[in-house]
Amino acid sequence: MNLADLNKVALAMVTPGKGILAADESSGTIKKRFDAIGVESTEETRRDYREMLLRSQEAMSKYISGVILYDETIWQNAKDGTPLVKLIEQSGAIPGIKVDEGTQALPNCPGELITAGLDKLAERLKKYYERGARFAKWRAVIDIGAHIPTMTAIHVNAHALARYAALCQAAQIVPIVEPEVLMDGDHDIDRCFEVTQHVLDKTFQELRVQRVALEGMILKPNMAISGKKSAKRSPVEEVAEKTIRLLKACVPAAVPGIAFLSGGQSDEEATAHLNAMNRIGGLPSTLPWRLTFSYGRALQAAPQKAWSGRPENAAAGQRAFIHRARMNALASKGEWETGLEKKVA
């Protein structure tokens, strides 16, 4: 493992003013997104849609540092035969790959999940590296509910995340470590804070046990935020302040950067929260790590709607993508404000 090279890639992924596009929806997830806009999900429509995003030159070259791809996408070529991986590289961004194989029920823990995909991961990583991937992503899912999460679920998911990260670094690939505490419940922000603290503490404990070099990884956590069904919604400032407090308590300074997931927040919510956190950090930042975005839906909902599967709408789809990418890029520097949302690209 060449740690200097891994660190260089990790730092490039959190370049100030840039963030990561999560275009790694599974075939099932993208089908749901396409159903919502009335587009049939075929290998070709999925390719056309992602090609449209990757050819948004302004967004890709100015605001996007890396793109997380799905297994199908990393092997696809654009309409003109150019590998999609090459389109990413040509824009100056880094290609990445989601390597987990989704979740399954966790034995003896009703209602809890474990992420699959460690079997043969070493061989898969080798092939992805040859194809151009320089970072990977693995998502662990922790739900909050009555009597959950259990320590069992937190432990096994943290262990799997650390094993994945160690395998990535051995393959000269930067791991994005994503322990996601879901915001689906009716819990308040303090319950989310408490659970996320347990999850992050356990994850970093496991990373150390498995000798993962923290300088060669990126953390992709949830924010401290109340559940979607909670009667008590927390204001933007509280989410930002509590998330920063949580990270300071749990995340070692050796980690180069933190790229948040949007986790079901609306586009503007995700942008506002990131912006408020970077304002707390100050400019130049007093925080030990760079804070940016690794958003999927919060970057893509608008372009999907504008595109709606029609080739003649590609330019409108790209404009919507450029706008969202720019808003989040500004938020990653603490320079976003609501008024800018009205000035659509």
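The values are calculated or read from the model by the stated rules, or taken from the named source; none is laboratory data. What you see is a predicted model; the values in this text were computed from it and never measured. FYI the Cβ positions are ideal-geometry reconstructions off the backbone, even for glycines, and counts take in every protein chain you see. Ligands, DNA and RNA are excluded from the accessible area calculation, which covers all protein heavy atoms including side chains. Shrake-Rupley method; radii C 1.70, N 1.55, O 1.52, S 1.80 Å.
Before moving on, here are some points about what is shown:
- In segment 262-290, the residues that are of a type outside the set (S, T, N, Q) and open to solvent by less than 10 Å² (accessible area, probe 1.4 Å): 270, 273, 274, 277, 281, 289
- Count of segment 306-345 residues, restricted to those that are hydroxyl-bearing (Ser, Thr, Tyr) and within 13 Å of residue 275 (Cβ to Cβ), is 2.
- Close Cβ contacts (under 9 Å, 6 or more residues apart or on different chains) running from residues in segment 82-102 that are modelled with pLDDT of 95 or more to residues that are open to solvent by less than 10 Å² (accessible area, probe 1.4 Å) and among the basic types (Lys, Arg) comprise 84/50.
- Residue list for segment 187-219, filter: part of a loop (DSSP other than H, G, I, E, B) and either free of Cβ contacts under 8 Å to residues at least 12 places away in the same chain or out of contact with any helix residue (DSSP H, G or I) (no Cβ under 7 Å at 6 or more places or on another chain) (or both): 187, 188
- Among the residues of segment 150-185, those identified as open to solvent by less than 50 Å² (accessible area, probe 1.4 Å) and within 16 Å of residue 226 (Cα to Cα) are 180, 181, 182, 183, 185.
- Scanning segment 1-35 for residues that are open to solvent by 50 Å² or more (accessible area, probe 1.4 Å), over 16 Å from the mean Cα position of the chain (by Cα) and touching a residue at least 24 places away in the same chain (Cβ under 8 Å) turns up 1, 2, 3, 5, 16, 33.
- Breaking point among (1) over 21 Å from residue 50 (Cβ atoms); (2) at pLDDT below 95, for residue 334: (2)
- For segment 297-345, filtering for residues that are under 16 Å from residue 269 (Cβ atoms) and of a type in the set (Gly, Ala, Ser) leaves 5.
- Residue in segment 291-334 that is nearest to residue 42 (Cα to Cα), counting only those that are of a type in the set (Ser, Thr, Tyr) and open to solvent by 10 Å² or more (accessible area, probe 1.4 Å): 308
- Residue match in segment 198-215 (condition: within 30 Å of residue 334 (Cβ to Cβ) and among the small types (Gly, Ala, Ser)): yes
- Residue match in segment 251-269 (condition: among the hydrophobic types (A, V, I, L, M, F, W, C), part of a helix (DSSP H, G or I) and either at pLDDT 95 or above or at negative phi (or both)): no
- Unique residue being within 16 Å of residue 73 (Cα to Cα) and charged (D, E, K, R) when the list is 86, 120: 86
Rundown of residues vs (1) modelled with pLDDT of 95 or more; (2) assigned to a helix (DSSP H, G or I), yes/no style:
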| residue | (1), (2) |
| --- | --- |
| 137 | yes, no |
| 161 | yes, yes |
| 165 | yes, yes |
| 175 | yes, no |
| 180 | yes, no |
| 185 | no, no |
